[in-house]
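Right, one structure below, let's go through it.
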Amino acid sequence: MAAAASSLVSYGSDSDSENESESGSVVQKADPEAVAHLQPLKSGGITTLAALNSAPEVAVKEGVETGVHLDPALKEVDYNPSYETMFAPEFGPVNPFRTQQMAAPRNMLSGYAEPAHVNDFMFEQQRRTFSTFGYALDPSVDSSSQVTTNTYIGAVDEAEKNKGQTVFETGPKKNEKRKKLKGGDASEIDDFLGPWAKFQDEKDVAKPSEEEQKELDEITAKRQKRGRNEEEAPAEEKTILHIKDAYDYQGRSYLHIPQDVGVNLRSSEAPDKCYLPKKQLHVWSGHTKGVSAIRLFPASGHLLLSCSMDCKIKLWEVYNERRCVRTFIGHSKAVRDVCFNNTGTQFLSAAYDRYIKLWDTETGKCIAPFTNRKVPYCVKFNPDEDKQSLFVAGMSDKKIVQWDIRSGEVVQEYDRHLGAVNTITFVDENRRFVSTSDDKSLRVWEWDIPVDFKYIAEPSMHSMPAVTLSPNGKWLACQSMDNQILIFGAQNRFRLNKKKIFKGHMVAGYACQVGFSPDMSYVVSGDADGKLNIWDWKTTKLYHRIKAHDKVCISALWHPHETSKVITCGWDGQIKLWD
């Protein structure tokens, strides 16, 4: 092999000399370092050839392209880029405030959630345990190692105390719970005293002292006595005459219609033209609490009947001296409503003591009490001349009850409303009557037929606790609890007149009675602020507003024979006359 190497070297040198001589030109000799590996090595008398590395030297790409950004659009990289290269900014300088968490990839708002396959029950169990006890198994630890190491996160002390029990394992066992609920074994059933047994021990029960016990006994005795009195009989009736002479020189009582007042009160015709009231003319004061309702004497209107929350009913003069004529006392609670018969010789009163009483207007005597143990909210005589012995009352138990005065018994019940009945108004020549209720509906009934033939209820409707029939009998004015006065036709179809809606007053929560002027020019109503509001009937514009009372103005009546006299009453206990 050494001979072959020497011959190869000599061959190379000979060929070089020949080439030089043939071409006649000078050729540069080979670099000795480049052919150093071809020279034989001599060591210990043996000539060897140097080892040859035929792989070329290749520079690392990062070294060549230091700082060059990795194209994010690349799908495949043929070398191992460093962390800085991978997360270098795409444009511009490096963000000095960017944290590693911000730079890391995210697939949700709070970071990167690795896909994991966890049983739904196991996850819910650990979540509930953590929210209840404050500890849970560490999810970062391999599940196979948790059996032996029991690594927890959160309240580790609590976990050790509970021995790592989950929320489903700490409660009573199924058998124990059942045993406890059933009261133990069957042999122990005689000893089971019930769920209230622990309160039977006298030490655990608080007892009143002797003074407190005595006071409690007195209160209980009073309640029982009062309850017996209410159930046994109504309150005692009495009357007080406030004028000296009940009869004049001709033997006529105060029920006689006066003829010296400047107005023909016997006439059935209404005034031709009505005007707005401007000033206060008189104040009737005598009630100690709020006035609930006022009613004018039928036809003439020369007397005024008022009922109040002071449990009294008073009769007043409208003309001349405007005195309080008589007081009727016979209810133990606030009086809600009153109603004259056609002639005015008798009237009914309904009160919260659950009694309806029939009174004689002239003598003040209570003729008869009526009750069905429910609170009457409104009461009305049948206006027909041949049915003056019958009256209807709207009750708190959703019924309209019809009584016969002669027998004192209930002769009919109209039971279709779904709430307490607030008003009853006779229409269509008294053949029908309209009722409104807390169920936000309006129902029309034929007399003596206990099934309503017309039912009006819209989703937008509110309760209408005060209803007034117009003087011409064609319209019903209903005080709605959404601060509006709605007008319904009172003949045939009972449709809502959408062109006649009176607004601008605040009455929500109060049953403020509506009134009409005799010539149908104006509509009047009180409101929650104690104001008297007057609207024009044709245009529905609010014409006038008067501060009438300090508290709620609950009723407003326009005198049927006067052009501009309006009577109002309020919860301040006063009744006022305006002109």
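The values are calculated or read from the model by the stated rules, or taken from the named source; none is laboratory data. In this text, all values refer to a predicted model and were calculated from it rather than measured experimentally. Positions of Cβ are generated from backbone atoms using ideal geometry, with glycine treated the same way; all protein chains shown enter the neighbour counts. What goes into the accessible areas is simple: the full protein's heavy atoms, side chains included, and nothing from ligands, DNA or RNA. Shrake-Rupley method; radii C 1.70, N 1.55, O 1.52, S 1.80 Å.
Of the residues making up the stretch 239-269, those that are touching a strand residue (DSSP E or B) at 6+ places or on another chain (Cβ under 7 Å) and either within 17 Å of residue 322 (Cβ to Cβ) or in a strand (DSSP E or B) (or both) are 239, 240, 241, 242, 243, 247, 253, 254. Against the numbered list (1) under 26 Å from residue 292 (Cα atoms); (2) in contact (Cβ under 8 Å) with a residue 40 or more places away in the chain; (3) part of a strand (DSSP E or B), residue 445 comes up short only at (1). Is it true that some residue in the stretch 325-335 is modelled with pLDDT of 95 or more, in contact with a Gly (Cβ under 9 Å, 6 or more places away or on another chain) and part of a loop (DSSP other than H, G, I, E, B)? Yes, the stretch 325-335 contains at least one residue that is modelled with pLDDT of 95 or more, in contact with a Gly (Cβ under 9 Å, 6 or more places away or on another chain) and part of a loop (DSSP other than H, G, I, E, B).
Out of the strands (runs of 3 or more DSSP E) lying entirely within the stretch 468-579, which hold 1 or more residues that are open to solvent by 40 Å² or more (accessible area, probe 1.4 Å)? Reasoning before the result, please.
Working: elements: 475-480, 484-489, 496-502, 514-516, 522-526, 531-536, 542-547, 553-558, 566-570, 574-578.
So the answer is 475-480, 496-502, 531-536, 542-547, 574-578.
Here residue 445 passes the criteria (1) touching a strand residue (DSSP E or B) at 6+ places or on another chain (Cβ under 7 Å); (2) open to solvent by 10 Å² or more (accessible area, probe 1.4 Å) except the one numbered (2).
Screening residue 561 against (1) at pLDDT 95 or above; (2) more than 33 Å from the chain's Cα centre (by Cα) leaves a single unmet condition, (1).
Taking first residues from the stretch 315-341 that are without any contact (Cβ under 8 Å) to a residue 60 or more places away in the chain and partners that are open to solvent by 30 Å² or more (accessible area, probe 1.4 Å) and of a type in the set (D, E, K, R), the Cβ contacts under 8 Å between residues at least 6 apart in sequence or on separate chains come to 334/289; 335/312; 338/295; 339/295; 339/380; 340/295. A count restricted to the stretch 234-255 and to residues that are acidic (Asp, Glu) and surrounded by 13 or more Cβ atoms within 10 Å (Cβ to Cβ) stands at 1.
Could you list all residues from the stretch 256-269 that are under 52 Å from the mean Cα position of the chain (by Cα) and surrounded by 17 or more Cβ atoms within 10 Å (Cβ to Cβ)? Answer for the stretch 256-269, where residues must be under 52 Å from the mean Cα position of the chain (by Cα) and surrounded by 17 or more Cβ atoms within 10 Å (Cβ to Cβ): just 265. Restricting attention to the stretch 293-317, the residues that are touching a Ser or Thr at 6+ places or on another chain (Cβ under 9 Å), part of a strand (DSSP E or B) and open to solvent by less than 30 Å² (accessible area, probe 1.4 Å) add up to 11. Scanning the stretch 448-467 for residues that are within 24 Å of the chain's Cα centre (by Cα) and surrounded by 14 or more Cβ atoms within 10 Å (Cβ to Cβ) yields 461, 462, 463, 464, 465.
For residue 283, state whether it is touching a strand residue (DSSP E or B) at 6+ places or on another chain (Cβ under 9 Å) and either part of a loop (DSSP other than H, G, I, E, B) or within 29 Å of residue 553 (Cβ to Cβ) (or both). Reasoning before the result, please.
Working: touching a strand residue (DSSP E or B) at 6+ places or on another chain (Cβ under 9 Å): yes; either part of a loop (DSSP other than H, G, I, E, B) or within 29 Å of residue 553 (Cβ to Cβ) (or both): yes.
Taking the combined requirement at face value, the residue satisfies it.
Being open to solvent by less than 10 Å² (accessible area, probe 1.4 Å) and farther than 20 Å from residue 241 by Cβ, is that true of even one residue in the stretch 365-372? Yes, because at least one residue in the stretch 365-372 is open to solvent by less than 10 Å² (accessible area, probe 1.4 Å) and farther than 20 Å from residue 241 by Cβ.
Remark: pairs (first residue in the stretch 251-271, within 21 Å of residue 305 (Cβ to Cβ); second residue open to solvent by less than 30 Å² (accessible area, probe 1.4 Å) and among the hydroxyl-bearing types (Ser, Thr, Tyr); Cβ separation under 8 Å; 6+ apart in sequence or on different chains) = 255/361; 257/300; 258/319; 261/319; 265/300; 266/300. Screening residue 344 with (1) small (Gly, Ala, Ser); (2) under 41 Å from the mean Cα position of the chain (by Cα); (3) crowded, with 19+ Cβ neighbours inside 10 Å gives one miss only, at (2). In the set (1) closer than 25 Å to residue 573 by Cα; (2) polar (S, T, N, Q); (3) open to solvent by 20 Å² or more (accessible area, probe 1.4 Å), residue 389 fails one condition alone, (1).
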